[in-house]
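Take a look at the structure below.
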Amino acid sequence: MAKIDAFFKLMNEQGASDLHLVSGQQPALRIRGEIERVKYPPLENDTLKAMLYEITPEHKIKQFEETGDVDFAYEIPTLARYRANFFQQKVGVAAVFREIPSKILTPAQLGLPPVTAKLASLPRGLVLVTGPTGCGKSTTLAAIIDEANKTRKDHIITIEDPIEFVHESKECIVNQREVGLHTGSFAAALRGALREDPDIILVGELRDLETISLAVEAASTGHLVFATVHTSSAPKTIDRLIEVFPASEQMQIRSTLADGIRAILAQVLFKRVDKPERCAALEIMIATPAVRNLIRESKTFQIPSMIQTGRKYGMQLLDDSIMGLLQKGWIGAEEAYVKANDKTKFRPFLKVAPADFTEV
């Protein structure tokens with residue numbers, strides 16, 4: 001057993017989502033969104049490096065020594081998988097591990113709206129899950145992919161950096177590829193995927209112009225493509241994807257994206273106040289013909305009002321989802337205020353004035 005495994009066991013026992021190991025500091029866990037120190041002596045740089053290298057593949061050690069940061073996945077078969085990131089900082093090496101549960105929960109078990117499970121049955125198109133780092137995008141996508149794996153008879157290819165949730169082939173054939181290990185880049189794997197008879201393609205992250213272009217193209221040519229983007233709302237996601245392209249190509253990609261997009265889920269994670277768990281609030285945009293017209297005509301600023309009137313399709317605004325959680329007594333007013341888009345709706349629930357002096 002590797003020496004570092006003891007920290008992973010502690011992490012699992014405490015229900016932590018992340019483990020932080022930093023040279024010169026005590027280890028720390030992120031529990032329900034907050035960092036808590038572990039009662040353990042500060043880690044010396046050489047001690048920590050030896051501990052980390054014990055579980056790191058040789059080629060990843062070489063990459064870390066050359067570049068100063070690296071990502072990979074580590075698994076303890078009876079416990080869980082972990083997404084690891086090592087980086088060099090001012091006083092030495094540091095590492096952050098995110099726990100990836102071995103069991104994939106269903107959308108219903110995650111408390112997601114029923115429409116999210118229906119996305120697994122779409123015949124083609126682009127479905128995006130967006131939100132800040134650590135908001136549960138991968139967990140939501142894994143639940144949808146698992147739903148497809150159980151209910152369809154298709155070929156699923158996932159392209160990730162690194163592989164997070166492991167999908168065993170059920171009704172579908174599932175192939176999982178890791179960037180840096182099985183392929184050179186997201187774009188290279190996507191180009192290859194189009195020749196590998198896929199029905200469903202999961203792209204871990206739309207990072208650059210080439211990957212976005214290929215994902216939109218795949219969605220437009222009859223494939224169902226799932227991907228993540230680091231944006232905070234449906235309109236901002238559309239704008240972000242289009243703004244990556246040169247000005248001369250933006251009208252064309254706007255039209256192609258309007259035809260290919262099927263849904264956008266913008267997700268935010270909250271700490272529950274009624275029990276030691278976390279829950280997600282979601283903005284859901286379904287690409288109805290009216291929504292597609294707004295995208296085509298560069299009127300993304302009108303999408304929120306379209307979401308508001310599209311409840312019969314399963315659409316909802318993020319603020320309405322947050323308000324629902326607040327009224328159920330699941331989340332605190334302060335966190336609801338901080339993470340809401342229209343903060344004026346939540347100000348009456350605050351007992352004290354907002355802490356963020358930049359909010360007008």
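Read-outs throughout are calculated quantities, based only on the coordinates presented, and are distinct from any laboratory measurement. The model shown is predicted, which means the values in this text are computed figures rather than measured ones. Note that we place each Cβ from the backbone using ideal geometry, even for glycine, and neighbour counts take in every protein chain shown.
A simple charge model with +1 on the Cβ of Lys and Arg, -1 on the Cβ of Asp and Glu and nothing else charged puts the dipole of segment 5-100 at about 260 debye relative to its Cα centre.
Farthest towards the positive end of the charge dipole of segment 1-89, among the residues Ile61, Met11, Gln25, is the Cα of Met11, using unit charges on the Cβ of Lys, Arg, Asp and Glu. Build a GNM of the chain with springs between Cα atoms under 10 Å apart, and of Leu317, Leu257, Leu48 the one that fluctuates most is Leu48.
Look at Ser321, Ser305 and count the other Cβ atoms within 10 Å of each Cβ; fewest to most, that gives Ser305, Ser321. In terms of surrounding Cβ atoms within a 10 Å radius of their Cβ, Cys279, Cys135 rank from fewest to most as Cys279, Cys135. Taking the DSSP beta bridges with both ends in the chain, the antiparallel portion is around 60 percent. Remark: Thr309, Thr158, Thr211 ranked as Thr309, Thr211, Thr158, counting other beta-carbon atoms within 10 Å and listing the fewest first. Computed over the chain, relative contact order equals 12 percent, with contacts defined as Cα pairs under 8 Å that lie 6+ residues apart. Rounded to two decimals, the Cα radius of gyration of segment 9-112 over 2.2 N^0.38 Å is 1.15. Helical content of the chain, expressed as a calculated mean residue ellipticity at 222 nm, amounts to -9500 deg cm²/dmol (DSSP H runs of 4 or more residues, -39,500 (n - 2.57) each, divided by residue number, nearest 500).
When each of the peptides 266-272, 86-92 is scored by the mean number of other C-beta atoms lying within 10 Å of its residues, the order from highest to lowest reads 266-272, 86-92.
Remark on the chain: ratio of C-alpha radius of gyration to 2.2 N^0.38 Å is 1.03.
Cα centroids of segment 121-191 and segment 52-102: 21 Å apart. Across all Cα pairs in segment 40-162, the calculated P(r) in 10 Å bins from zero up to the longest distance comes to 10, 34, 28, 18, 9, 1 percent per bin.
The charge dipole of segment 191-327, taken about its Cα centre with unit charges on the Cβ of Lys, Arg, Asp and Glu (plus for the first two, minus for the last two), comes to roughly 400 debye.
Applying a threshold of 26 Å to the alpha-carbon distances of Lys170/Lys328; Lys275/Lys351; Lys103/Lys137; Lys150/Lys236; Lys170/Lys339 flags Lys170/Lys328; Lys150/Lys236; Lys170/Lys339 as lying beyond it. Its Cα centre serving as origin, the chain has a Cβ charge dipole (Lys and Arg +1, Asp and Glu -1) of approximately 1140 debye. Size descriptors for segment 114-316 (Cα atoms only): Rg and Dmax, in that order, 16.3, 52 Å. Each semi-axis of the equivalent ellipsoid for segment 93-158 is √(5λ) with λ an eigenvalue of the Cα gyration tensor; in descending order they amount to 24, 13, 13 Å.
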